[in-house]
Amino acid sequence: MVLMLGLTGLSAIALTLYLAAEAFSIAHLRRDRQSYATATTVLLLLGFLVHFAALEIGGRAIHSVPYRDLPSSMSLFAWMIAASYGILLVRHREGSTGPFLIPIAIFFLVVSLVTHPGAVVISDPKRSGSLFAMHVTLAIFGYAALTLAFVLAQLYLIQNQQLRRRKLGPLFSKLPALDVLSQLQRTSVIIGVSALTTATVLGLIWARQNWGTYWDPKVFFTFLIIGLYLVTLFPGRAGGGKKNAILSIAGFILLLFSYSIVNLFISQEHTFQ
């Protein structure tokens, strides 16, 4: 009970910090002031660290990565989204997409807080160990990065359409150029595919050791997701563009299906408990 209160309290503090970061991010988009950008970065980092502390409490309670039920998985997913966005900030020094990306972390953390069960899930010794923990962590990290790629793809398409009509709204007029959005999307895809591929390899090794087989329906859908996103990274398609944005959106729809329907109804092993 004490662990649950600590987990919920820290998650609520992290949510507050994320919300404050979003507010300053919007303010920075409206008025290009360095103080707003700095406040956004500091608040986001603080929220990230507090959120990690909450996840650490949840992980210690079950002696594993806190993913075993859907609410805990959503919280970990939100944290990975914040981490992915942080990498984009460091890599591209572009904060104008923050108002559109930070809310994703906020949304999933809210879902986690609203739906979190009242008792800690009991640890499953069959699903523990560093190899399994790395598999789960990297898989969710990959999903998070590809989620950002999905939002960036939508921003690209909206921006592209408005430029063709020569009619930019007050908000989208302050977004970066199409080539910058394309680069941000490409970086997100590279991160997501790399993490998901590594997670899949680790998962196959772990499955062979513990299940005696490599096969599970989840594996099939994961390969489909990786293959679809790899198409957007082919040398001949470098730089992104409208078709790559559409493919990223299609990949995300498949990802959602794998993350929800496959886990809940199709896979016998990759399930939320």
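The values are calculated or read from the model by the stated rules, or taken from the named source; none is laboratory data. Computed from a prediction, not measured in an experiment: that's the story for all the values here. We place every Cβ from the backbone using ideal geometry, glycine too, and count neighbours over all the protein chains shown.
Which ones in the stretch 5-32 are hydroxyl-bearing (Ser, Thr, Tyr) and farther than 17 Å from residue 82 by Cβ? Residue satisfying the conditions is 8 alone. Here residue 176 passes the criteria (1) surrounded by 17 or more Cβ atoms within 10 Å (Cβ to Cβ); (2) at pLDDT 95 or above except the one numbered (2). Selection of the stretch 210-226 for residues being in a helix (DSSP H, G or I) and among the polar types (S, T, N, Q) yields 210, 222. For the stretch 113-167, the tally of residues that are assigned to a helix (DSSP H, G or I), outside the structural domain of residue 241 (by TED's automatic domain parsing) and either buried (at least 24 other Cβ atoms within 10 Å of the Cβ) or modelled with pLDDT under 75 (or both) stands at 0.
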